[in-house]
Amino acid sequence: MTPQCQSYLQQFETYLQSERQLSAHTVRNYMYELQRGSELLPEGVDLLNVGREHWQQVLAKLHRKGLSPRSLSLWLSAIKQWGEFLLRSGVIELNPAKGLSAPKQAKPLPKNIDVDSISHLLAIEGNDPLTLRDKAIMELFYSSGLRLAELAALDLSSVQYDQYEVRVLGKGNKERIVPVGRYAIEAISAWLKCRKQISCEDNALFVTEKGKRLSHRSIQARMSKWGQEQALSMRVHPHKLRHSFATHMLESSADLRAVQELLGHENLSTTQIYTSLDFQHLAKVYDNAHPRAKKQQDK
């Protein structure tokens with residue numbers, strides 16, 4: 001590396017610390033990534049005269065070495081900042097790293113709760129109103145894969161007990177009908193007997209002891225409490241049960257389109273467009289796949 005390049009690297013480090021005010025950890029990472037990249041440049045090419053094609057070659061080399069998308073993104077951030085620094089300093093006229101991109105990072109799915117742990121969580125005992133209410137809430141989350149906001153917004157009229165269905169108002173005010181398993185229906189029915197003893201402000205399905213609609217925060221707190229009391233190894237929250245519902249359904253049915261319809265999930269980042277499915281098909285998939293579905297009452 002030439003003395004001139006070394007001088008600009010020192011100035012770049014100062015620039016990151018003083019003008020950009022990046023943390024010492026980030027500055028160290030950027031300097032390391034620049035050094036890593038410079039070592040892979042062709043002979044005769046250094047950090048002051050590197051071109052876009054050279055960085056593309058280095059990116060390919062790093063990718064072949066097995067660097068993760070996250071590590072490649074960090075490396076790209078470093079060389080892009082270096083290019084911007086040289087541009088500001090008048091050394092170059094175009095940033096050779098501009099427009100380069102790393103492979104997309106796969107979004108890790110949250111860990112689901114296995115079926116045995118779900119059964120243990122839902123085997124809570126007690127006939128007091130709060131216990132019965134919380135059991136009904138958790139049964140419904142896992143039975144139907146509802147979002148927190150969807151469950152909190154349910155009214156007494158939302159559940160069709162004879163049809164084993166619940167009407168849900170999802171994102172974008174889109175209404176969908178979702179099957180409800182027998183265990184959830186029984187738990188809700190037990191809760192409603194206690195609810196009748198409470199003077200309620202409105203027709204909310206799930207209310208506090210004072211008759212107010214149960215808030216999102218309260219639902220989350222109660223589920224976390226039961227997860228701890230039942231000694232589960234992971235924190236229990238609404239999305240965890242929703243994700244577990246989806247995972248267990250897919251493991252049993254392998255019908256991705258049906259599960260997405262049941263979840264009311266529209267992901268614009270995917271390349272496949274999911275069409276609406278006939279509800280009878282959804283109900284059949286649900287009854288044949290869900291471990292706590294209505295089918296079990298026929299045994």
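The values are calculated or read from the model by the stated rules, or taken from the named source; none is laboratory data. Source: prediction; values computed, not measured. Here the Cβ is made from the backbone with ideal geometry for all residues, glycine too, and neighbour counts use every protein chain on show. Just the protein is used for accessible areas: all its heavy atoms, side chains included, with ligands, DNA and RNA removed. Shrake-Rupley method; radii C 1.70, N 1.55, O 1.52, S 1.80 Å.
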> Do you know which residues across segment 194-224 are part of a helix (DSSP H, G or I), open to solvent by 50 Å² or more (accessible area, probe 1.4 Å) and either among the small types (Gly, Ala, Ser) or touching a residue at least 12 places away in the same chain (Cβ under 8 Å) (or both)?
Replying inline: His216, Gln220, Ala221, Arg222
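If you check Ser199 against the conditions, is it over 21 Å from Leu263 (Cα atoms), hydroxyl-bearing (Ser, Thr, Tyr) and more than 32 Å from the chain's Cα centre (by Cα)?
Details: over 21 Å from Leu263 (Cα atoms): yes; hydroxyl-bearing (Ser, Thr, Tyr): yes; more than 32 Å from the chain's Cα centre (by Cα): yes.
So Ser199 passes the test.
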> Listed residues Leu34, Leu40; which is surrounded by 18 or more Cβ atoms within 10 Å (Cβ to Cβ), within 37 Å of the chain's Cα centre (by Cα) and not basic (Lys, Arg)?
Replying inline: Leu34
>> I want to confirm something. Restricting to segment 245-264 and keeping residues that are open to solvent by 50 Å² or more (accessible area, probe 1.4 Å) and assigned to a helix (DSSP H, G or I), which single residue is nearest to Ala289 (Cα to Cα)?
In response: Ser252
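Does Ala152 satisfy the criteria of being among the small types (Gly, Ala, Ser), touching a residue at least 12 places away in the same chain (Cβ under 8 Å), surrounded by 14 or more Cβ atoms within 10 Å (Cβ to Cβ) and within 20 Å of Met249 (Cβ to Cβ)? Spell out how you get there, then give the answer.
Values: among the small types (Gly, Ala, Ser): yes; touching a residue at least 12 places away in the same chain (Cβ under 8 Å): yes; surrounded by 14 or more Cβ atoms within 10 Å (Cβ to Cβ): yes; within 20 Å of Met249 (Cβ to Cβ): no.
No, not satisfied.
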> So, of the residues in segment 49-92 that are farther than 18 Å from Tyr32 by Cα and charged (D, E, K, R), which turns out to be most open to solvent (accessible area, probe 1.4 Å)?
Replying inline: Arg64
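Residue by residue through segment 233-244, note down the ones that are out of contact with any Phe, Trp or Tyr (no Cβ under 8 Å at 6 or more places or on another chain) and crowded, with 17+ Cβ neighbours inside 10 Å.
Residues of segment 233-244 that are out of contact with any Phe, Trp or Tyr (no Cβ under 8 Å at 6 or more places or on another chain), as a first pass: 233-235, 237, 239-240, 243.
Within segment 233-244, His237, Lys240, His243 qualify.
Scanning for something crowded, with 17+ Cβ neighbours inside 10 Å, aromatic (Phe, Trp, Tyr) and on the phi > 0 side of the Ramachandran plot, does segment 159-176 turn up at least one residue?
To start, the set of residues in segment 159-176 that are crowded, with 17+ Cβ neighbours inside 10 Å comprises 159, 164-166, 168, 170, 176.
Retained after the next criterion (residues that are aromatic (Phe, Trp, Tyr)): 164.
Then keep just the ones that are on the phi > 0 side of the Ramachandran plot; that gives 164.
Yes, segment 159-176 has at least one match.
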> Which of the residues spanning segment 35-83 are assigned to a loop (DSSP other than H, G, I, E, B) and free of Cβ contacts under 8 Å to residues at least 40 places away in the same chain?
Replying inline: Leu40, Leu41, Pro42, Glu43, Gly44, Val45, Asn49, Lys65, Gly66, Leu67, Ser68
